[in-house]
1. Which entries of K88/K178; K38/K88; K88/K129; K145/K188; K132/K155; K155/K188 have Cα-Cα distances beyond 19 Å here?
2. Stretch D75-T190 to full length: gain in nm at 0.36 nm per residue minus the Cα-Cα span?
3. Could you state the accessible area per residue of the stretch 53-174 in Å², with a 1.4 Å probe and every protein chain left in place?
4. Skipping prolines and chain starts, which residues have an amide H placed within reach, meaning under 5 Å, of the one on D67, given they are 5 or more residues away or on another chain?
5. Give me the percent of the accessible area of the stretch 103-202 that comes from carbon and sulfur atoms, probe 1.4 Å, all protein chains in place.
6. With θ set to phi - 60° and the Karplus curve 6.51 cos²θ - 1.76 cosθ + 1.60, what are the ³J(HN,Hα) couplings of the stretch 181-191 in order, to the nearest whole Hz, using x for Gly and Pro?
7. Determine which residues of the stretch 78-100 fall in the zone a paramagnetic label at D150 would reach in this model, i.e. backbone nitrogen under 14 Å from the point 7 Å along Cα→Cβ.
Amino acid sequence: GGYTTYTYGSSSFSLPVAGAFVTQLAATGSIIIEEADKTASSSTMFKTTGFANRITLNIEDSTTYWDRLQLHYDDNAMAVAETDDALKFPNPEVTFNTFSKDDSALAIDNRPYAENETIVLGFSTPYQKNYKISVPDFDMPAGTKLYLKDNYTGKNEELNAGYEYWFSVDANTASQGKARFELNAVGKPTAGITAINSGGLK
């Protein structure tokens, strides 16, 4: 019953009938699907190559994958919500997202890298239990680091590929919501951050 957002590019995956939402089109935009775009053959569901300068954070517990968010660094992007971002559709059970500079909840957040920037995360759930944040994809710009801060416990830890952080949600309202987690970028990139081919359907 939850929404998970994926970046859609050429040959990423096929969209099943009534199986996806398309958002963030310009007011005068359109989608044109040509006859040649149709196929009766099977295709690879997901891309097998990673995106540069992309970090994926998952929310899981010991048995269930609940939600995820993605952060893409791109010199050509803006820190406010724009066309290449994907707005977060709230889930009935667990919702995990970033907040843009204009306070939009995002599932996919494309923004320029800014040294010492704080990115506020949103996390909400009706369940009081243990969860973990895991990092299946991690590609920071060279010369930089990214830290996860838990404002409820005071812990501040550097992220890397395969990182896991277990935390508890309890009756205290501060154990979830907009104020619990944040990401903090440290260091200056040693080179420009190229576009990560994030545009298209989400």
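The values are calculated or read from the model by the stated rules, or taken from the named source; none is laboratory data. What you see is a predicted model; the values in this text were computed from it and never measured. Cβ: placed from backbone, ideal geometry, glycine included. Neighbour counts: every protein chain shown. Note: accessible area is taken over every heavy atom of the protein model, side chains too, but ligands, DNA and RNA are not part of it. Shrake-Rupley method; radii C 1.70, N 1.55, O 1.52, S 1.80 Å.
1. Check vs 19 Å cut-off fails for K38/K88; K88/K129; K155/K188.
2. 40.1 nm
3. Value returned for the stretch 53-174: 43 Å² of accessible area per residue.
4. Counting only residues 5 or more places away or on other chains, the set is I59.
5. After summing per-atom areas, the C and S share lands at 49 percent.
6. Each residue's phi maps through the Karplus curve to give 10, 8, 10, 10, 8, 10, x, 10, x, 7, 8 Hz.
7. Once the point is set 7 Å along Cα→Cβ of D150, nothing inside the stretch 78-100 turns out to lie under 14 Å by backbone N.
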